[in-house]
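Notes to accompany the following structure.
The values are calculated or read from the model by the stated rules, or taken from the named source; none is laboratory data. Keep in mind that this is a model prediction, so the values were computed, not measured. FYI the Cβ positions are ideal-geometry reconstructions off the backbone, even for glycines, and counts take in every protein chain you see. We work out accessible area using only protein heavy atoms, side chains counted, and drop any ligands, DNA or RNA first. Shrake-Rupley method; radii C 1.70, N 1.55, O 1.52, S 1.80 Å.
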Amino acid sequence: MKRINLSVPGALLSVSPENLLITFDRPHLSLSTAIYGGGFKNIRYALNRRLTEFYKSEKDFPGGSVRAYLKQCALSSGAVPEESAVLLTAATVNLYSHKIIKSGPILVEILTTGGVEKTACRASSPALYREEDGHFSPLGTINMMVIFQGRLPHGIMARALITLTEGKTAALQDLGIADVNNGLPATGTGTDGITFITDPAAPLFTDAGPFSELGSSLAKAAYESVTECLVKYDHPWNASSKLKTPDAVDLESLRK
């Protein structure tokens, strides 16, 4: 297992073929989309776990559910499950992008894994399935674990997730990634996840929109890490130059 001291003080990254595990030396506040440890939670561990087998339904997972399986994964990785947020992906997690964005007092650090060849989708497209009987959707996930060395109100943490998602979507648009079901420009995959982590002992910030220095840094981190994952590791078949973001328009001509 490879261990790396992150730029955020007190944060250690452990890398194995199955796990990307961030360990903090004290509790941090997380807002996560994770099935296990999701929502607002004080954590000391953030885990991105690779799914190594396919299960047709939730009851087929070890432990009888996804939550039970992810709890086992946290425990086997060396984390304390009750202090963990655990994302799940089919991507090879040791092929990850690690970016550090610094701007004035802002420090954002991001670890991203990703693949778009199976489940790239365009939000607003028709549904592909109805959740019932423990059906489990196949994975092709873009997962981001993001650390901000600062403190945010809960509502601004939620805003940060929007900004990170916008950065991810901008990367997909610039790469020309197509929805695998209809060929339209993709906005993400059907199973993307984010764990966003802040430091409750750090200075307070109150704006995470993309015009702010913090929001710009978050979006840049997401954009650069998603781009690197897909260009360096994924080489998606569903990338088309026809879907890439067009050149910027002349704003003055639009205002006339």
Do you know which of the residues in region 10-24 that are out of contact with any helix residue (DSSP H, G or I) (no Cβ under 9 Å at 6 or more places or on another chain) and open to solvent by 20 Å² or more (accessible area, probe 1.4 Å) is modelled with the lowest pLDDT?
-> PRO17
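Would you mind finding the one in ASN42, ASN94 that is open to solvent by 50 Å² or more (accessible area, probe 1.4 Å) and part of a strand (DSSP E or B)?
On the way: ASN94 fails: part of a strand (DSSP E or B).
Every option except ASN42 fails the conditions.
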Please specify each residue of region 25-39 satisfying the condition of being open to solvent by less than 30 Å² (accessible area, probe 1.4 Å) and not in a strand (DSSP E or B).
-> ALA34, GLY37
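Regarding region 61-78, can at least one residue be identified that is on the phi < 0 side of the Ramachandran plot and in contact with a His (Cβ under 8 Å, 6 or more places away or on another chain)? It would help to see each step written out before you state the result.
Going residue by residue through region 61-78, those that are on the phi < 0 side of the Ramachandran plot are 61-62, 65-77.
Then drop every residue that is not in contact with a His (Cβ under 8 Å, 6 or more places away or on another chain), which leaves none.
Scanning region 61-78 turns up no residue that is on the phi < 0 side of the Ramachandran plot and in contact with a His (Cβ under 8 Å, 6 or more places away or on another chain).
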Return only the number of the condition from (1) open to solvent by 40 Å² or more (accessible area, probe 1.4 Å); (2) modelled with pLDDT of 95 or more; (3) touching a Leu at 6+ places or on another chain (Cβ under 9 Å) that THR198 does not satisfy.
-> (1)
What number of residues in region 162-191 are under 12 Å from the mean Cα position of the chain (by Cα) and assigned to a loop (DSSP other than H, G, I, E, B)?
-> 1
Could you please find all residues in region 213-256 being open to solvent by 20 Å² or more (accessible area, probe 1.4 Å), at pLDDT 95 or above and of a type in the set (S, T, N, Q)?
-> SER216, THR227, SER240, SER241, THR245
